[in-house]
1. Which condition number does Arg279 fail, the rest of (1) at pLDDT below 90; (2) under 41 Å from the mean Cα position of the chain (by Cα) being met?
2. I'm trying to understand the selection: among the residues of segment 113-147, which are surrounded by fewer than 14 Cβ atoms within 10 Å (Cβ to Cβ) and outside any helix (DSSP H, G or I)?
3. What do you reckon, is Gln140 polar (S, T, N, Q), more than 30 Å from Val207 (Cβ to Cβ) and either touching a Lys or Arg at 6+ places or on another chain (Cβ under 8 Å) or modelled with pLDDT under 85 (or both)?
4. Taking the options Lys389, Lys397, Lys408, Lys358, name whichever one is under 15 Å from the mean Cα position of the chain (by Cα) and over 22 Å from Thr326 (Cβ atoms).
5. Any chance segment 443-466 includes a residue that's farther than 30 Å from Asn401 by Cβ, in contact with a helix residue (DSSP H, G or I) (Cβ under 7 Å, 6 or more places away or on another chain) and assigned to a helix (DSSP H, G or I)?
6. Could you tell me which of the residues Asp499, Asp450 is outside the structural domain of Ser416 (by TED's automatic domain parsing), surrounded by fewer than 12 Cβ atoms within 10 Å (Cβ to Cβ) and without any contact (Cβ under 8 Å) to a residue 24 or more places away in the chain?
7. Looking at segment 348-381, which of its residues are touching a residue at least 24 places away in the same chain (Cβ under 8 Å) and either among the charged types (D, E, K, R) or not in a helix (DSSP H, G or I) (or both)?
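The values are calculated or read from the model by the stated rules, or taken from the named source; none is laboratory data. Being a predicted model, the structure only gives us computed values, none of them experimental. Glycine gets a Cβ as well: all are built from the backbone with ideal geometry, and neighbour counts include every protein chain shown.
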Amino acid sequence: MKAPDLSNPSHENELNENLEAKDNVADSHETENLKEDNLSKESSESKQDSLSEDNSDSEKNSELQKEPDYTLMEKGELKNRLVLLLENESLSAIKEKVEAIKQNFYKKHKEEVEAAKQKFVAGGGAEEEFDMGTDELEVQVREMLQKFKEKKSELNRNVEQEKEDNLKKKYQIIEDIKELVNRKESFDKTFHEFRALQKKWHEIGMVPQQALKNLWDNYHHHVENFYDYIKINKELRDLDLKKNMTSKIKLCEEAEKLLNESSIVKAFNTLQKYHEQWREIGPVPREEKEKLWSRFKEATTVINRKHQEYYEGLKSEQKNNLAKKTVLCEKAEEIANRPIGSHKEWNSSSKEIIDLQKEWRTIGFAPKKDNNRIYQRFRAACDLYFDRKRDFYMALKEKLNVNLEKKKELCAIAESLQDSQDWKETTDKLIAIQKEWKNIGPVPRKVSEDLWVRFRAACDKFFNNKSEHFDNADAGQVENLKLKEALIEKVKTFELGEDNDSNLNALRQFQKEWSKIGHVPYKKKDKVQEAFRKAINGLYDRMNMDSDNKEVQKFKSKIDTFLTMSNSEDKIIIERNKIVNKIRQLESDIALWENNVGFFSSSKNSNVVSEIQEKIERGKQNLAILNEKLKVIDGLVS
């Protein structure tokens with residue numbers, strides 16, 4: 001081979017430019033250090049894969065949050081969104097979005113099919129005969145998903161084939177470099193060919209990962225052979241080494257800047273690029289080699305340690321997230337399996353489930369191997385809850401419709417009786433259907449008020465007619481009213497004596513006289529009855545007897561008044577039930593207070609004990625009065 005003419009300035013400039021572009025190879029010692037200290041992509045791949053997958057998940061999740069909420073979109077909207085993504089974005093960028101659309105679309109499709117099947121069966125059809133028919137939207141979505149799958153597979157095949165082709169091209173370049181050492185042409189021509197091969201090498205894309213190490217080893221070996229063979233003069237060699245040293249010093253500075261980078265992941269990824277550049281720069285002066293390498297290695301060690309700590313911290317955080325999500329799953333499962341039987345309970349539990357879902361979204365990823373499993377568990381609990389809620393309201397809707405039909409029938413009956421003049425029999429019938437109305441239960445809210453107005457109007461019409469009839473039909477009731485009003489005045493002016501027994505006999509005589517008078521006009525009945533009771537109670541209040549006895553005597557008078565009414569039996573039963581309930585409650589309260597006295601007996605606060613004892617005494621007095629009233633009512637039966 002012909003040696004270069006270094007006396008020619010143009011040759012020297014050209015060679016200097018060539019040295020800036022060529023690929024330089026470090027000696028075997030530096031290459032081994034690169035391997036040992038995780039400076040290549042191969043050495044950090046296993047750890048980086050796990051973290052990059054998690055980071056990728058975070059980025060994809062962030063992209064999904066920018067998308068519309070697919071759970072709120074209808075099937076047609078989901079289909080249109082899928083078309084938009086397939087037409088405007090790359091296949092690799094929409095993988096997660098397409099999967100989310102697919103899940104939500106087929107969930108809604110399944111719900112429509114299930115609803116249609118239930119309707120078909122409810123209409124008398126056999127479940128095995130049900131046929132939903134063709135859903136054009138589902139057919140279109142299925143075809144688009146299939147095309148997406150085929151394109152993605154084709155893309156992956158093309159990428160892998162391209163890597164294999166690139167590998168063959170790079171090995172061919174190595175063979176071409178090997179051949180250069182056997183050339184007989186001038187140095188200039190040989191070196192130009194060498195530079196062209198180097199440029200071509202760097203322009204070729206990625207190769208299969210597993211072939212990368214062997215490829216670079218071969219390339220470096222034959223490049224070094226080429227340099228050794230052509231024996232570039234020491235001056236050019238030294239110039240090349242100094243340029244390499246300047247480049248590596250710059251890389252050391254850039255690596256040291258990464259120590260202040262807030263994002264450790266960004267710093268780690270950037271460092272990998274710097275190591276690629278370091279490997280391709282080539283050798284430096286021998287006396288500077290160890291110093292530069294130690295400086296670069298020092299920054300690398302710190303960043304790698306931070307990256308390892310970050311990765312371990314991320315794993316710990318993900319374990320904590322798994323624990324938090326497990327607790328949410330347990331809560332959701334408890335709610336999903338909780339017995340719920342009322343609209344109020346469903347509203348309350350729905351808020352609990354929604355709050356759990358909101359909290360779930362605030363928690364980050366669980367470990368990759370658990371993330372999908374824990375999500376499926378939570379989703380299954382939520383789905384179970386909302387399926388049960390849907391079933392409840394479907395059953396409730398059916399019950400409300402049944403109640404609606406029953407109340408419509410009662411409206412029709414009441415309307416058929418509203419013009420009747422059979423006062424006694426019709427009154428009994430209307431009272432009976434009013435009780436039945438109360439026992440039927442609720443109807444759909446949108447018709448509830450109108451239905452009640454309809455029913456009440458029919459009842460009111462009859463009872464108003466009845467009242468008007470009796471107001472006008474019996475003139476004797478007007479005379480009875482005058483007699484009762486006169487008796488009220490007589491009671492008001494009655495002078496009490498000293499003997500309470502005589503006074504009580506007089507009051508009983510007033511009551512008997514009142515009972516004998518007979519009915520008064522319907523509209524005046526309640527008013528005159530209240531006036532009589534007020535006058536009688538006024539006499540009781542002026543009598544010289546203890547308050548407990550006085551209260552019992554007033555109650556007897558009240559019961560005597562009930563006995564004069566047409567519905568006396570119902571009123572007395574209602575009154576007795578009230579007294580019995582009060583007695584039970586008071587007995588329970590007294591027992592609790594007596595227990596509290598024992599609890600506070602050792603307390604220094606005597607005021608508390610005194611207050612409780614006063615409650616007990618008052619309670620026993622009231623209990624005695626209630627028992628006396630109960631005897632009054634029970635004495636009527638005996």
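1. (2)
2. Gly123, Gly124, Gly125, Ala126, Asp131, Met132, Gly133, Thr134 - these are the residues of segment 113-147 that are surrounded by fewer than 14 Cβ atoms within 10 Å (Cβ to Cβ) and outside any helix (DSSP H, G or I).
3. yes
4. Lys389
5. The answer is yes; a qualifying residue exists.
6. Exactly one residue qualifies, and that residue is Asp499.
7. Within segment 348-381, Glu359, Ile363, Gly364, Phe365, Ala366, Pro367, Lys368, Asp370, Arg377 meet the criteria.
Here is a yes/no grid of residues against (1) assigned to a helix (DSSP H, G or I); (2) surrounded by 16 or more Cβ atoms within 10 Å (Cβ to Cβ); (3) of a type in the set (A, V, I, L, M):
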position	(1), (2), (3)
Lys389	yes, yes, no
Phe392	yes, yes, no
Asp419	no, no, no
Asp428	yes, no, no
